[in-house]
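A.B. asks: One structure follows; several queries about it will come next.
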Amino acid sequence: MTGLASAFRVLVATTAALLASTAAAPAADARPEPKAPEEFVSLRSVDPTIIQEMRYPTSHTFMGVPVDGYRQPLCVLTRPAARALHDAQTRLLRRGYSLKVYDCYRPQRAVDHFVRWAKDLDDQTMKGEFYPRVDKTRLFADGYIAEKSGHSRGSTVDLTLVKLPAAPTPPYRPGRPQVPCYAPAAERFPDNSVDMGTGFDCFDTLSHTDDPRVRGTQRAHRQFLKRTLTDAGFVNLAEEWWHYTFTPELFPDTYFDFPVARRSVAGH
């Protein structure tokens, strides 16, 4: 029995070692997630007063699903862009307004997700809200979707204005009736921001910042946001009233792919 027991112990030890090496193999082969360069920060660490309603980690997107690469609802930006937003926010608070950001740094894997979705012409899940008047075959040609985004360089932000005190925004519930993003503010998805004439990510020419059809209070709100951010060093994308890039960009030619997560900027 002693020899048999000894052989059994050797067999058990050998099996355990084999299982341990097999289990360790994937970890050894797995690539660690990239981290953000030191020049990137969480916006909240620079200005905690700016409202954050990060849409892409949720299903309230033009695709109807959370976007790849968004691990947490967090605004990440290059430090100069974050500081410039802080400067704009300081001026706005004195006038009874706050900035609200919808999207900031966007990893390349998220852009790739947009591209895959745009090529799937059968997926029209959110058409009724986000692109009612645009044929999905036109998304690339009309510039709504592209294979690269300035957001991936870290100095671009999508944002709006909120009149203080800020009312809560009701949570999005999948399956709710869809209302066109250019419908009157009282009819489209409720947002605690001021009325800009369309909702965020509205694929429509009415989203062009200076579209002449947008008048009155809506136009005044757009121009107020534009003046404030221009004074802080940002440049507006003419096709999207919500889209601004801080210049000069810290990384004008680099498209990053680290995930949007606290650990990506931990210690910065």
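A.B. asks: Does at least one position in the range 160-168 carry a residue that is out of contact with any Leu (no Cβ under 6 Å at 6 or more places or on another chain), touching a residue at least 24 places away in the same chain (Cβ under 8 Å), surrounded by 18 or more Cβ atoms within 10 Å (Cβ to Cβ) and in a loop (DSSP other than H, G, I, E, B)?
C.D. replies: no
A.B. asks: Mind checking which residues of the range 43-55 are surrounded by fewer than 20 Cβ atoms within 10 Å (Cβ to Cβ) and part of a loop (DSSP other than H, G, I, E, B)?
C.D. replies: Scanning the range 43-55 gives ASP47, PRO48, THR49, MET54.
A.B. asks: Restricting to the range 144-156, give me the number of residues that are β-branched (Val, Ile, Thr) and either in contact (Cβ under 8 Å) with a residue 60 or more places away in the chain or surrounded by fewer than 17 Cβ atoms within 10 Å (Cβ to Cβ) (or both).
C.D. replies: 1
A.B. asks: Separate question: May I ask you to list the residues in the range 169-188 that are in contact with a helix residue (DSSP H, G or I) (Cβ under 7 Å, 6 or more places away or on another chain) and either of a type in the set (Val, Ile, Thr) or not in a loop (DSSP other than H, G, I, E, B) (or both)?
C.D. replies: Across the range 169-188, the qualifying residue is only VAL179.
A.B. asks: Quick test of your reading of the structure: GLU249 fulfils all but one of (1) out of contact with any strand residue (DSSP E or B) (no Cβ under 9 Å at 6 or more places or on another chain); (2) assigned to a loop (DSSP other than H, G, I, E, B). Name the failing condition by number.
C.D. replies: (1)
A.B. asks: Please find, within the range 184-203, the residue that is farthest from CYS104 (Cα to Cα) out of those that are among the aliphatic types (A, V, I, L, M) and crowded, with 16+ Cβ neighbours inside 10 Å.
C.D. replies: This residue is ALA185.
A.B. asks: Do you know which residues across the range 56-80 are under 28 Å from PRO171 (Cβ atoms) and in a strand (DSSP E or B)?
C.D. replies: TYR70, VAL76, LEU77
A.B. asks: Out of the residues in the range 164-178 that are modelled with pLDDT of 95 or more and under 22 Å from the mean Cα position of the chain (by Cα), which is nearest to TYR97 (Cα to Cα)?
C.D. replies: The residue in question is ALA166.
One line per residue, one yes/no per condition, for (1) among the aromatic types (Phe, Trp, Tyr); (2) at positive phi:
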site	(1), (2)
GLY216	no, yes
LEU237	no, no
PHE246	yes, no
PHE256	yes, no
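A.B. asks: Within the range 224-240, identify whether any single residue is assigned to a loop (DSSP other than H, G, I, E, B), surrounded by fewer than 18 Cβ atoms within 10 Å (Cβ to Cβ), of a type in the set (A, V, I, L, M, F, W, C) and modelled with pLDDT under 95, and answer yes or no.
C.D. replies: No, the range 224-240 contains no residue that is assigned to a loop (DSSP other than H, G, I, E, B), surrounded by fewer than 18 Cβ atoms within 10 Å (Cβ to Cβ), of a type in the set (A, V, I, L, M, F, W, C) and modelled with pLDDT under 95.
A.B. asks: Among all residue pairs at least 6 apart or on different chains, which show Cβ distances below 8 Å where the first residue, located in the range 124-143, is touching a residue at least 12 places away in the same chain (Cβ under 8 Å) and the second is among the acidic types (Asp, Glu)?
C.D. replies: Qualifying pairs under 8 Å: PHE130/ASP201; TYR131/ASP204; PRO132/ASP204; ARG133/ASP204; VAL134/ASP142; VAL134/ASP204; GLY143/GLU239.
A.B. asks: Has the range 189-212 got at least one residue that is under 26 Å from VAL76 (Cα atoms), in a helix (DSSP H, G or I) and out of contact with any helix residue (DSSP H, G or I) (no Cβ under 7 Å at 6 or more places or on another chain)?
C.D. replies: yes
A.B. asks: Of all residues in the range 70-89, which are out of contact with any Ser or Thr (no Cβ under 9 Å at 6 or more places or on another chain) and surrounded by fewer than 22 Cβ atoms within 10 Å (Cβ to Cβ)?
C.D. replies: Listed by number, the residues that qualify are GLN72, ARG79, ARG83, ASP87.
A.B. asks: Now for a separate question. Out of ALA24, ALA88, report the one residue that is over 30 Å from TRP117 (Cα atoms), modelled with pLDDT under 95 and not hydroxyl-bearing (Ser, Thr, Tyr).
C.D. replies: Criteria check complete, one pass: ALA24.
A.B. asks: Only one of (1) farther than 21 Å from PRO252 by Cβ; (2) assigned to a helix (DSSP H, G or I); (3) among the charged types (D, E, K, R) is not met by ARG83, so which one is it?
C.D. replies: (1)
A.B. asks: Sticking with this one: Which ones in the range 83-114 are over 27 Å from ASP195 (Cβ atoms) and touching a strand residue (DSSP E or B) at 6+ places or on another chain (Cβ under 7 Å)?
C.D. replies: TYR105, PRO107, ALA110
A.B. asks: Another question, then. Among what's in the range 100-117 and is aliphatic (A, V, I, L, M) and surrounded by 20 or more Cβ atoms within 10 Å (Cβ to Cβ), pick the residue that is nearest to VAL67 (Cα to Cα).
C.D. replies: Checking each candidate, the answer is ALA110.
The values are calculated or read from the model by the stated rules, or taken from the named source; none is laboratory data. Please read all numbers here as calculations on a predicted model, not as lab measurements. Every residue, glycine among them, receives a Cβ derived from its backbone with ideal geometry; neighbour counts consider all protein chains shown.
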